[in-house]
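Engineer: Sharing a structure with you now.
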């Protein structure tokens, strides 16, 4: 613990100063369980955190004095990331983006199509963007051809939700999943889950008396010499 974080450039880090990032003179300290330890100078609070092998995290910077909590900041960040992933996974109908190049290799294009199909199956809209670099912009027909191939490959799972758009360096097409495709994917997942459940409950063959034969080893008595 007690390692200063030199990269305080994420949103959560800006709102949660940790250890040496804390600039206040004194803070009110509470434990991870909510026990009040009182107000103390920051150096003393840092020493207390170090003794407990925890971090000093400012959780309420806008009160006087600021409130800091003693906790394992690495574990806290990990739990927050897991929580955010669960929230994002539960959200449907998001607008996702898949980026392509006008001269994309065939296997890369197929990977992008497969990824787009997965996003559509989850109920998301997908913006297919072809990005041009340098002199590639003088060959816009290559980008249109890529978009056309993607749309053709996904014609049974998606429809264009708007007209293709073009700006200085990009052309884009937004695809929306068809209700039929989403329903079919959900049914396939349910069927697969049911098969797995049934497969795990297969009985072991026996002799009718509850004795299993699979892998049975008989111990024969030794004959006298």
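Engineer: For residue 148, indicate whether it is over 23 Å from residue 94 (Cβ atoms), assigned to a helix (DSSP H, G or I), in the same structural domain as residue 97 (by TED's automatic domain parsing) and at pLDDT 85 or above.
Structural biologist: Yes.
Engineer: Quick check, is residue 84 touching a strand residue (DSSP E or B) at 6+ places or on another chain (Cβ under 9 Å), loosely packed, with under 14 Cβ neighbours inside 10 Å and within 30 Å of residue 154 (Cα to Cα)?
Structural biologist: Considered against the rule, which asks whether it is touching a strand residue (DSSP E or B) at 6+ places or on another chain (Cβ under 9 Å), loosely packed, with under 14 Cβ neighbours inside 10 Å and within 30 Å of residue 154 (Cα to Cα), residue 84 comes out as no.
Engineer: Considering every residue within region 57-69, establish whether at least one is more than 17 Å from residue 177 (Cα to Cα) and in a helix (DSSP H, G or I). Even if it seems obvious, please write down each step before you answer.
Structural biologist: Of the residues in region 57-69, the ones more than 17 Å from residue 177 (Cα to Cα) are 57-69.
So of that shortlist, the ones also in a helix (DSSP H, G or I) come out as none.
Looking for residues that are more than 17 Å from residue 177 (Cα to Cα) and in a helix (DSSP H, G or I), one finds none in region 57-69, hence no.
Engineer: List pairs: first in region 4-28 and closer than 21 Å to residue 41 by Cα and in the same structural domain as residue 47 (by TED's automatic domain parsing), second modelled with pLDDT of 90 or more and in a helix (DSSP H, G or I), Cβ under 7 Å, 6+ apart or cross-chain?
Structural biologist: Listed by first residue and then by second, the contacts come to 19/46; 22/42; 24/42; 25/42; 26/42; 27/42; 27/45.
Engineer: Please verify whether residue 53 is under 32 Å from the mean Cα position of the chain (by Cα), assigned to a loop (DSSP other than H, G, I, E, B), modelled with pLDDT of 90 or more and assigned by TED's automatic domain parsing to the domain that holds residue 70, treating the condition exactly as stated.
Structural biologist: Details: under 32 Å from the mean Cα position of the chain (by Cα): yes; assigned to a loop (DSSP other than H, G, I, E, B): yes; modelled with pLDDT of 90 or more: yes; assigned by TED's automatic domain parsing to the domain that holds residue 70: yes.
Considered against the rule, which asks whether it is under 32 Å from the mean Cα position of the chain (by Cα), assigned to a loop (DSSP other than H, G, I, E, B), modelled with pLDDT of 90 or more and assigned by TED's automatic domain parsing to the domain that holds residue 70, residue 53 comes out as yes.
Engineer: For residue 102, which of the numbered conditions (1) part of a loop (DSSP other than H, G, I, E, B); (2) within 18 Å of the chain's Cα centre (by Cα) fails to hold?
Structural biologist: With (1) part of a loop (DSSP other than H, G, I, E, B); (2) within 18 Å of the chain's Cα centre (by Cα) applied to residue 102, the lone miss is (2).
Engineer: Also, I was wondering about something else. Would you confirm whether or not region 84-96 contains a residue that is modelled with pLDDT of 85 or more, touching a helix residue (DSSP H, G or I) at 6+ places or on another chain (Cβ under 6 Å), within 30 Å of residue 126 (Cα to Cα) and in a strand (DSSP E or B)? Please lay out each step first, then the result.
Structural biologist: Keep residues of region 84-96 that are modelled with pLDDT of 85 or more, which gives 95-96.
Pick out the ones that are also touching a helix residue (DSSP H, G or I) at 6+ places or on another chain (Cβ under 6 Å) and you get 96.
If we keep only those that are within 30 Å of residue 126 (Cα to Cα) too, we end up with 96.
Now narrow it down to the ones that are in a strand (DSSP E or B): 96.
Yes, because at least one residue in region 84-96 is modelled with pLDDT of 85 or more, touching a helix residue (DSSP H, G or I) at 6+ places or on another chain (Cβ under 6 Å), within 30 Å of residue 126 (Cα to Cα) and in a strand (DSSP E or B).
The values are calculated or read from the model by the stated rules, or taken from the named source; none is laboratory data. For clarity, every value in this text was computed on a predicted model and none was experimentally measured. Here Cβ is always computed from backbone atoms with ideal geometry, including for glycine, and neighbour counts include all displayed protein chains.
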